[in-house]
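Following: one structure in structure tokens, then a few remarks.
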Amino acid sequence: MNAPIVKPAASRAVNVQQIETPRGVKAWLVEDYAVPLLSLEFAFKGGSAQDPPGKPGAATMLAALLDEGAGPLDSQAFQQALDEKAIEISFNCDRDYLGGRMRTLIRNVERASELLRLAVNAPRLDEAPIARVREQLSAGLRHEANDPGSLAGRTWRARSFPGHPYGAPPNGTLESLPKIQRADLVALGRDLVTRGALHIGIVGAIDAARAAALIDVVFADLPASGVLADVADAPFGGIGTIETIDLDVPQSTIRFGRPSLARHDPDYMASVLLAHILGGGTGLSSRLFREVREKRGLAYSVSTSVSTLDHASFLHGGTSTKNERAKESLDVIAAEILDLSRNGPTEEELDKGKKYLVGSYPLRFDTSAKIAGQLVHIQMDGFGPEWLIERNRLIQAVTMEDARRVAKRVFGDGKMSVSIVGRPVGL
Amino acid sequence: MNSNQSPAIGPPANAPVALSESARMAGSPAIVDFRLDNGLSVVVIPDHRAPVVTHMVWYRNGSADDPPGKSGIAHFLEHLMFKGTKAHRQGQFSDVVAELGGQENAFTGNDYTAYFQRVAKEHLGVMMEFEADRMTGLVLTDEIVAPERDVVMEERRMHCDADPGAQLNEAVQAALFTHHPYGVPIIGWSHEIEGLNRADALAYYHRFYTPENAILVVAGDVETEEVRALAEAHYGKIKPRGEPPQRDRPQEPAPVARRLVTLNDEKVEQPSWQRCYIAPSSRTAEPGEAEALEVLAHLLGGGQTSLLYRSLVLDQRIAVVAGAHYMGTALDETRFFLYAMPNPGVTMETLDAAIDRILAKFIADGVDPAALERAKTRLVADAIYAQDSQAMLARWYGSSLATGLSMEDIRQWPTRIEAVEPAAILAAAKKHLDRRKSVTGHLLPLEEPLVA
């Protein structure tokens, strides 16, 4: 019971091996034999920010089609092959990357890597699954068309990043999806799915030599690189203004945010700490939780966090409150942000915030898939495995003086870009 | 602090799964259970891969135990459990958890209410101290209760009142269960939440929050004896009440009328279709029947190779998605769901008829042996995948035990899945996919004036 309060990181994750395969593909590996399975996570930089002009949704559509038939296997045959061995292969798309994951029982690892090799190198992109995925994405768009949370988020991104790919909807629009044809997807795949853009994390009951062989089977034959469009840094728009979308619902769903610090800014970890103090954690002890929910009963949830994309960094948050009290909620939030900017956090808040962020880090490493995912994200952020230790050291090093200074940088005049869906009263 | 709404349509993200014989031979952790003298059940799930623990306390009561007219009280009390005790001021527990870098939350289901923290393993004792304290020491004042009731109303507005899909789900459940309280939403009906007060919360608390009614689940980097010592030190000192509280629930009469529930709303741009049958749960089913229903749900609607997906989405192209889900983890008669989203221009009536034809053909043709093999492979493999997550294992054991299953039932589940015969699947389909036992739900745009 006298172990140190602060662990450097989860025990498994610190044993990261950086491997390079015989054919020159790099990956991070954590060997773990406790459970007979393997989790492989990977990502190709580039993503929906690379959607062709006028065709938002293309990269998402491509990701959705990579497990819909490959090589000699059509969609049904591919899915049945996965089922026969309970192998999981799936792909996803974010703004700056196209990601994938594979999970398999270790005894089926060879079949799993063969199927993943086909999906990554030889996706069929048959017309029938293209039409079906287009319909599925369209149904998803219609399904969330009047969902307050989705609508508020969509509106907030569009007004905060006007004219930039980050402002466009990653799942496309009902107008753009029909325009996306097979040729677009093939071209996009050629440019996105390349060795040069690839980051890999692998966790499970496998040693470095076998892991390297697996990675070569799956990834070594990919083209070295593709042609990616230049994405400009995104200027932040809509500051100091509110956009309201009228929807006949009893509650106002609010999204707010402002620019914040870049991922490699020396003050970045301090900005994460401040966003946590304002409205982070599991949410039961932040400033906004206390002021908005606990003291006033204004909302069920209220939270803030920082996001860093390759070309934009921002603080953002949200809440939902009944229409009659929307103004009161926004006023409370604005007052807390301004107070943090002017006065910084209290000693107690700073101390507690640091303890939380440091102490909770190991919880991000408690399953193989989560570890593999973390390994990929750390690589994409441009850090080495030492980040697993360095991250907590940087948080602990934040002084009160730093916190006050960075609070002014992050919260500034407190002005926000705000979107509201509902029928807010008094705004 | 969630109301764990019954899955509306579609399976929950992490459907409960079980360890198989092969899984255990393959090195699954040695899961141990025992009971303290005061009646508290304890389950220990060792997982030594990371220096963290998941500490959960499950109470064997949920929304279905809300007294008549007091819907939402189980869930409301779950919120109020964060408001402090004689020994600890409001927020102190949460502050300590946050300061230790932990995560915490709670959730309410039909049959259980659970509280959990995830922390570095050396803090397990501190978590137990606080959790044991609030099993008996809760202090509530009107000043605390009133704003929290507003919070719950906001939660309801956020998750239900602004979402026609959620409103239809509530209407379908209310139509399916005409008498049993599974028909009432976990979060409660608005007009009853508004009336809940301090006295209601305390009466419910004193009735159900007892050691005999609780299950402690600890998963993580711990040994059984260490957990036993800590549990005895903290939970062991709570006085027993003698008997566990009784769950007195009116049971559902045998259904005879198929029902259709339609919700039209101007916010709907994508229609959806669902059907919900009353079916036995793992606890109420005949031997082997729940396992047959589990396999049946997988064959009908577990992913892209399932019968409904292939037929409706790939072959007939009348739906964009389709699936099935069996909610076996329940104390009383439970639910078997089918769901689909139509392609543009496809009517609900077309889907109704097509799905009925698929079910009839399935029963007439019998089970495809290859598909059955794949389904079993998947269900049993899920058990091994589950071992990768201590939090998932803790939830699975807690929810199973809280709905009346035994440790042996949980251990046997994969073996029983492997033993499911085609005849049992067909028998289950014939008996339970009976439209007279079902409610069909249609979610549609506003097409015509509500008042003719």
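Just so it is clear, none of the values below were taken in a lab; they were calculated from the coordinates. Treat the numbers as computed from the prediction; the structure is a model and nothing was measured. Every residue, glycine among them, receives a Cβ derived from its backbone with ideal geometry; neighbour counts consider all protein chains shown.
Key figures for this structure:
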| item | result |
| --- | --- |
| Inter-chain Cβ neighbour average for residues B:370-377, partner chain, 10 Å | 3 |
| Percent of alpha-carbon pairs separated by more than 38 Å within the protein assembly as shown | 44 percent |
| Shielding score for B:266-275, defined as the mean number of other chain Cβ atoms within 10 Å | 4 |
| Other protein chain Cβ atoms within 10 Å, averaged over every residue that makes up A:247-254 | 4 |
| Peptides B:276-284, B:318-326, B:224-232 ordered by average Cβ neighbours within 10 Å, highest first | B:318-326, B:276-284, B:224-232 |
| In degrees, nearest ten, helix B:407-418 long axis to first principal axis of chain B (Cα) | 20 degrees |
| Acute angle (nearest 10 degrees) that the helix B:224-234 long axis makes with the longest principal axis of chain B, alpha-carbon atoms | 60 degrees |
| Cα-based helix-to-principal-axis angle, A:75-84 vs chain A, degrees rounded to 10 | 90 degrees |
| Structure-based [θ]222 nm, chain B - -39500 (n - 2.57) summed over DSSP H runs of at least 4, per residue, nearest 500 | -11500 deg cm²/dmol |
| Computed over the range B:279-382: relative contact order in percent, which uses C-alpha pairs under 8 Å that are six or more apart | 27 percent |
| Partner lysines for B:K437 [C-alpha distance under 26 Å; skip if fewer than 8 residues away on the same chain] | B:K361 |
| Over chain A, relative contact order from alpha-carbon pairs under 8 Å, at least 6 apart, % | 23 percent |
| Highest average packing first - A:52-62, B:245-255, Cβ atoms within 10 Å | A:52-62, B:245-255 |
| Cα-projected label distance for A:A122 with B:R258, points at 7 Å along beta-carbon direction, nm | 4.7 nm |
| Other-chain or far-sequence residues with amide H under 5 Å of B:E194's (modelled H) | none |
| Volume per residue of the C-alpha convex hull in chain B, rounded to whole Å³ | 149 Å³ |
| Between the range B:73-147 and the range B:259-277, the Cα center-to-center distance that results, in Å | 38 Å |
| Net dipole in debye of the range A:215-354 [+1 Lys, Arg Cβ; -1 Asp, Glu Cβ; about Cα centre; nearest 20] | 580 debye |
| Label point distance in nm, B:T347-A:I242, each placed 7 Å from Cα along Cα→Cβ | 4.6 nm |
| Sparse-neighbour loop sites [chymotrypsin sites (Phe, Trp or Tyr not before Pro); the range A:29-69; at most 16 other C-beta within 10 Å; DSSP] | A:Y33 |
| Per-peptide average of other Cβ atoms within 10 Å, ordering B:162-170, B:394-402 highest first | B:394-402, B:162-170 |
| Mean Cα-pair separation over length for the range B:91-195, i.e. relative contact order, pairs under 8 Å, 6 or more apart, % | 19 percent |
| Nearby lysines by direct alpha-carbon distance to B:K237 (threshold 27 angstrom, same-chain neighbours under 8 apart not counted) | B:K83, B:K86, B:K121 |
| Those GluC sites (Glu not before Pro) in the range A:370-411 that DSSP places in a loop and that have at most 14 other beta carbons within 10 Å | A:E386 |
| A:S303 long-range amide H proximity, modeled H, under 5 Å | A:G318 |
